[in-house]
Amino acid sequence: MKTNKWILAVVVGFILGYTIQKKTNQWIKPENALKMAKQKFQQQYDVSGSWIYMKPEQYQIHGLTYDVYHGGITKHVDGQHISLEFFVDAKTGSVIQTKTE
């Protein structure tokens, strides 16, 4: 009977470990990454358009490599339309870098 409990404990531990590992390595959906980035930019700019690549890519900045979504917005500043590119961490949704096209 003790062997059965030991096997059950190992199986449950394996399943829990696997589930936790899967949850921590998941990427957010690109649509959600775009929505989060757009909300951040709308705090400072009038945003009229946006886009995002659906597949994550690796991006290196300051010696660190990130899995990112590459996207962009069109903002209005002083009556002009200005394009802005951004890179969003695919796991957290944080904007890592922006640059003007």
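None of the figures in this text is laboratory data; all of them are computed from the coordinates on show. This is a predicted model, so every value here is computed, not measured. So basically every Cβ, Gly included, is an ideal-geometry build from the backbone, and we count neighbours across all protein chains shown.
Figures for the structure shown
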{"item": "Of all residues in segment 72-99 being within 15 Å of GLN39 (Cβ to Cβ) and touching a Gly at 6+ places or on another chain (Cβ under 7 Å), the one that is surrounded by the most Cβ atoms within 10 Å (Cβ to Cβ)", "result": "VAL88"}
{"item": "Qualifying residue in segment 59-66 (condition: of a type in the set (Phe, Trp, Tyr) and over 12 Å from the mean Cα position of the chain (by Cα))", "result": "yes"}
{"item": "Residue tally, condition among the aliphatic types (A, V, I, L, M) and under 16 Å from the mean Cα position of the chain (by Cα), over segment 74-101", "result": "4"}
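Condition check ((1) out of contact with any Asp or Glu (no Cβ under 7 Å at 6 or more places or on another chain); (2) of a type in the set (Ser, Thr, Tyr)) across all residues:
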| site | (1), (2) |
| --- | --- |
| GLN39 | yes, no |
| TYR45 | yes, yes |
| GLN58 | no, no |
| SER83 | no, yes |
| ALA90 | no, no |
| SER94 | yes, yes |
